[in-house]
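Chemist: Before anything else, here's the structure in question.
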């Protein structure tokens with residue numbers, strides 16, 4: 001555990017919980033509105049972030065600029081959860097999953113616009129690894145479909 005950063009563990013946990021959310025979302029009954037599921041996901045994120053904040057941060061009263069950023073983040077979080085849930089509810093996972101990797105592009109854009117930071121070399125390697133694995137999965141899935149049609 002000496003060489004493992006707490007931030008790497010947080011990223012791993014985030015990926016694990018996001019995958020669990022997407023898998024559990026497929027089992028939600030069709031009569032449950034998508035916005036209820038999205039708001040429920042946001043409440044879980046709020047509880048987790050609040051607990052992490054209490055454990056590791058010192059409270060500072062946010063300024064108007066920070067409140068505006070948090071409101072924007074909340075808006076995009078709710079609708080991001082809503083749209084990804086609805087996409088997984090309606091479409092097959094193999095068709096939806098490649099679009100999920102677009103979050104990396106938006107993360108880089110928001111990092112530039114909101115924080116004025118560009119990813120470092122290690123982050124770029126990670127981004128390329130994630131995008132490359134996504135493209136590989138799509139390519140292999142298309143190849144399997146072509147082989148199934150031929151057979």
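Chemist: Residue 42 fails exactly one of the following numbered conditions: (1) surrounded by 12 or more Cβ atoms within 10 Å (Cβ to Cβ); (2) in contact (Cβ under 8 Å) with a residue 40 or more places away in the chain; (3) touching a helix residue (DSSP H, G or I) at 6+ places or on another chain (Cβ under 7 Å); (4) within 30 Å of residue 132 (Cα to Cα). What is the number of that condition?
Modeler: It is condition (2) that residue 42 fails.
Here's the yes/no breakdown for (1) at pLDDT 85 or above; (2) assigned by TED's automatic domain parsing to the domain that holds residue 25; (3) surrounded by 15 or more Cβ atoms within 10 Å (Cβ to Cβ):
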| site | (1), (2), (3) |
| --- | --- |
| 72 | yes, yes, no |
| 78 | yes, yes, yes |
| 83 | yes, yes, no |
| 87 | yes, yes, yes |
| 99 | no, no, no |
| 109 | yes, no, no |
| 124 | yes, no, no |
| 135 | no, no, no |
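Chemist: Which condition from (1) at pLDDT below 85; (2) assigned by TED's automatic domain parsing to the domain that holds residue 28 is the one that residue 66 breaks?
Modeler: Among (1) at pLDDT below 85; (2) assigned by TED's automatic domain parsing to the domain that holds residue 28, residue 66 violates only (1).
Chemist: Scan (1) at pLDDT below 85; (2) over 20 Å from residue 26 (Cα atoms) for the single condition residue 93 breaks and write down its number.
Modeler: (2)
Chemist: Here's something else I'd like to know. If you check 76, 83, which single one turns out to be free of Cβ contacts under 8 Å to residues at least 12 places away in the same chain and closer than 30 Å to residue 140 by Cα?
Modeler: Testing whether each residue is free of Cβ contacts under 8 Å to residues at least 12 places away in the same chain and closer than 30 Å to residue 140 by Cα leaves just 83.
Chemist: Looking for something in a loop (DSSP other than H, G, I, E, B), touching a helix residue (DSSP H, G or I) at 6+ places or on another chain (Cβ under 9 Å) and surrounded by 12 or more Cβ atoms within 10 Å (Cβ to Cβ) - is there at least one such residue anywhere in region 19-37? Explain how you work it out, then say what you get.
Modeler: Within region 19-37, the subset in a loop (DSSP other than H, G, I, E, B) is 26-33.
Remaining after also requiring touching a helix residue (DSSP H, G or I) at 6+ places or on another chain (Cβ under 9 Å): 26, 28, 30.
Now drop any that are not surrounded by 12 or more Cβ atoms within 10 Å (Cβ to Cβ), which leaves 28.
So far as region 19-37 goes, yes, one or more of its residues are in a loop (DSSP other than H, G, I, E, B), touching a helix residue (DSSP H, G or I) at 6+ places or on another chain (Cβ under 9 Å) and surrounded by 12 or more Cβ atoms within 10 Å (Cβ to Cβ).
Chemist: Out of everything in region 50-63 that is within 18 Å of residue 115 (Cβ to Cβ) and exposed (fewer than 11 other Cβ atoms within 10 Å of the Cβ), what residue ends up being modelled with the highest pLDDT?
Modeler: 63
Chemist: Something else: Report, by residue number, each residue of region 111-122 that is part of a helix (DSSP H, G or I) and either exposed (fewer than 11 other Cβ atoms within 10 Å of the Cβ) or in contact (Cβ under 8 Å) with a residue 40 or more places away in the chain (or both).
Modeler: 113, 114, 115, 121, 122
The values are calculated or read from the model by the stated rules, or taken from the named source; none is laboratory data. It should be emphasised that the depicted structure is a prediction, and the values quoted were computed from it without experimental measurement. For neighbour counting, all protein chains shown are included, and Cβ atoms are generated from backbone atoms with ideal geometry for every residue, glycine included.
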